[in-house]
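Single-structure report; data block below.
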Ligand SMILES: [Zn+2]
């Protein structure tokens, strides 16, 4: 238990820290990312004007991607053998089904995505990024120790001294136009620079502009270890700090790589284009996580509608995660069951680093991510640059 806690806990910091002088974000970056996440490529192509108006329709949407949910048993029972195998071609029962037939059935359930048209994002923002070209044609953001931000953003003033969570910052770099820039607190550190290198390999360069600060911390926590966290630095959610645990990052590079993919989801799913922080919770008709209301076609709302509609308990209450984990083997570990955001983050890291799924529910999560061109780009970069496949070290749910 302790090992699990120590190995898997990550923190999504929702602490709001408003810094004077925070600049507005490059809207190009946000727009590019939204363009890359093509809403037409989301999982169900049945028109969003029909909002699952009856149980049958919602079962047909929900159950194929949550095959382990007991509430779907009746719906599966209502299908003919052929229909069942069209929905779950990988099920043991369907092993005898002709392979060609299964392939056809698969594409009928999962709308075709446009594989021939990789996203061409960041066209108008990348040319002033200093990029280095890795193997193949992958461009990654570099490190320029002389680059400084005009707005002087660094650690929030009261954070450099440490806080009650046991996390203490040791050093921080400014991130300048998507590059790791000058050190702004403490001394340069090769562990943090190594973590940045991994992050820059995995993340398309233009999207790194949403980070303002990249830091290293140590911790005196006793009930689990925070491997890394992301913190919002302005009201709007246009500037973020990412920080990595120095000791843990150095001790386990494979885990640290998963962590980089995991953490960056807490940036790109928290941009103003994804979540509206001005809506009252009672006026939110999607998923409100306590910080804001996710937009209709946001990644987390679509994820929530697909995988969390029938999850027991309050999805914003992390402590109910153990119960959700016990009931659903689709989660990549108990930490994933704590909130929809952590579920997506864990599944995304497994997807990017090609962790082998162990259940149909895990496979469904990876398939969902794979249908989003903007998300698939991360894994393509990882493959091209030699990351993964990584071992499945997630603890078991279900
Ligand atoms: Zn997280």
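Taking each residue of region 240-266 that is in contact (Cβ under 8 Å) with a residue 40 or more places away in the chain and on the phi > 0 side of the Ramachandran plot and looking for partners that are crowded, with 17+ Cβ neighbours inside 10 Å and in a helix (DSSP H, G or I) with beta-carbon atoms closer than 6 Å, six or more apart or interchain, yields nothing.
Apart from one condition, residue 235 fits all of (1) modelled with pLDDT under 95; (2) within 16 Å of the ligand (Cβ to nearest atom); the exception is (2).
Take residue 342 and decide whether it is within 16 Å of the ligand (Cβ to nearest atom) and either surrounded by fewer than 22 Cβ atoms within 10 Å (Cβ to Cβ) or modelled with pLDDT under 90 (or both). I'd like the intermediate steps shown before the answer.
Details: within 16 Å of the ligand (Cβ to nearest atom): yes; either surrounded by fewer than 22 Cβ atoms within 10 Å (Cβ to Cβ) or modelled with pLDDT under 90 (or both): no.
It is false that residue 342 is within 16 Å of the ligand (Cβ to nearest atom) and either surrounded by fewer than 22 Cβ atoms within 10 Å (Cβ to Cβ) or modelled with pLDDT under 90 (or both).
Residue 292 satisfies every condition listed in (1) within 16 Å of the ligand (Cβ to nearest atom); (2) under 24 Å from residue 231 (Cβ atoms); (3) modelled with pLDDT of 95 or more except (1).
Within region 288-306, which residues are assigned to a loop (DSSP other than H, G, I, E, B) and closer than 15 Å to residue 345 by Cβ?
Within region 288-306, the first condition is being assigned to a loop (DSSP other than H, G, I, E, B), and the residues that meet it are 289-292, 295-298.
If the condition is that a residue be assigned to a loop (DSSP other than H, G, I, E, B) and closer than 15 Å to residue 345 by Cβ, then 289, 298 are the ones that fit.
Residue 266 meets the conditions (1) within 13 Å of the ligand (Cβ to nearest atom); (2) not in a helix (DSSP H, G or I) in every case but one. The failed one is (2). When residue 224 is evaluated against the numbered criteria (1) at pLDDT below 95; (2) outside any helix (DSSP H, G or I); (3) away from the ligand (no atom under 16 Å from the Cβ), which criterion, by number, is the only one it fails? Going through (1) at pLDDT below 95; (2) outside any helix (DSSP H, G or I); (3) away from the ligand (no atom under 16 Å from the Cβ) one by one, residue 224 breaks only (3).
Checked against (1) crowded, with 20+ Cβ neighbours inside 10 Å; (2) within 16 Å of the ligand (Cβ to nearest atom), residue 330 meets all criteria but (2).
Within region 321-328, identify whether any single residue is part of a loop (DSSP other than H, G, I, E, B) and in contact (Cβ under 8 Å) with a residue 60 or more places away in the chain, and answer yes or no. Before the answer, list the steps.
So in region 321-328, the residues part of a loop (DSSP other than H, G, I, E, B) come out as 328.
After this cut, where a residue has to be in contact (Cβ under 8 Å) with a residue 60 or more places away in the chain as well, the list is 328.
Yes, the conditions are met somewhere in region 321-328.
Looking only at region 345-360, filter to residues that are surrounded by fewer than 24 Cβ atoms within 10 Å (Cβ to Cβ) and either in a helix (DSSP H, G or I) or under 19 Å from the mean Cα position of the chain (by Cα) (or both); which one of those is farthest from the ligand (Cβ to nearest atom)?
So the first thing to find is which residues in region 345-360 are surrounded by fewer than 24 Cβ atoms within 10 Å (Cβ to Cβ), and the list is 353-360.
From the residues that got through so far, the ones that are either in a helix (DSSP H, G or I) or under 19 Å from the mean Cα position of the chain (by Cα) (or both) too are 353-357, 360.
On the way: 353: 15, 354: 20, 355: 16, 356: 21, 357: 19, 360: 24 Å.
Within region 345-360, the match that is farthest from the ligand (Cβ to nearest atom) is 360.
Which one of these is at pLDDT 95 or above and touching a strand residue (DSSP E or B) at 6+ places or on another chain (Cβ under 6 Å): 203, 213? Spell out how you get there, then give the answer.
Working: 203 fails: touching a strand residue (DSSP E or B) at 6+ places or on another chain (Cβ under 6 Å).
Criteria check complete, one pass: 213.
In region 353-377, the residues that are free of Cβ contacts under 8 Å to residues at least 24 places away in the same chain reach residues that are part of a loop (DSSP other than H, G, I, E, B) with C-beta atoms within less than 6 angstrom, at least six apart or across chains, in these pairs: 366/357.
Just one residue in the set 247, 337 is touching a helix residue (DSSP H, G or I) at 6+ places or on another chain (Cβ under 9 Å) and either in a loop (DSSP other than H, G, I, E, B) or away from the ligand (no atom under 16 Å from the Cβ) (or both); that residue is 247. Only a single item in (1) in a helix (DSSP H, G or I); (2) in contact with a helix residue (DSSP H, G or I) (Cβ under 9 Å, 6 or more places away or on another chain) is not met by residue 363, and it is number (2). When residue 181 is tested against (1) part of a helix (DSSP H, G or I); (2) surrounded by 18 or more Cβ atoms within 10 Å (Cβ to Cβ); (3) more than 16 Å from the ligand (Cβ to nearest atom); (4) modelled with pLDDT of 95 or more, only condition (1) is not met.
The residues of region 308-323 that are surrounded by 18 or more Cβ atoms within 10 Å (Cβ to Cβ) and either within 16 Å of the ligand (Cβ to nearest atom) or more than 26 Å from residue 276 (Cβ to Cβ) (or both), listed by number, are 308, 315, 321. Just wondering, is there one or more residues in region 250-258 that are within 15 Å of the ligand (Cβ to nearest atom), in a helix (DSSP H, G or I), at pLDDT 95 or above and crowded, with 24+ Cβ neighbours inside 10 Å? Among the residues of region 250-258, at least one is within 15 Å of the ligand (Cβ to nearest atom), in a helix (DSSP H, G or I), at pLDDT 95 or above and crowded, with 24+ Cβ neighbours inside 10 Å, which makes the answer yes.
The values are calculated or read from the model by the stated rules, or taken from the named source; none is laboratory data. These numbers were taken from a predicted model, which means no experiment stands behind them. Every residue, glycine as well, gets a Cβ built from its backbone with ideal geometry; the counts of neighbours run over all protein chains shown.
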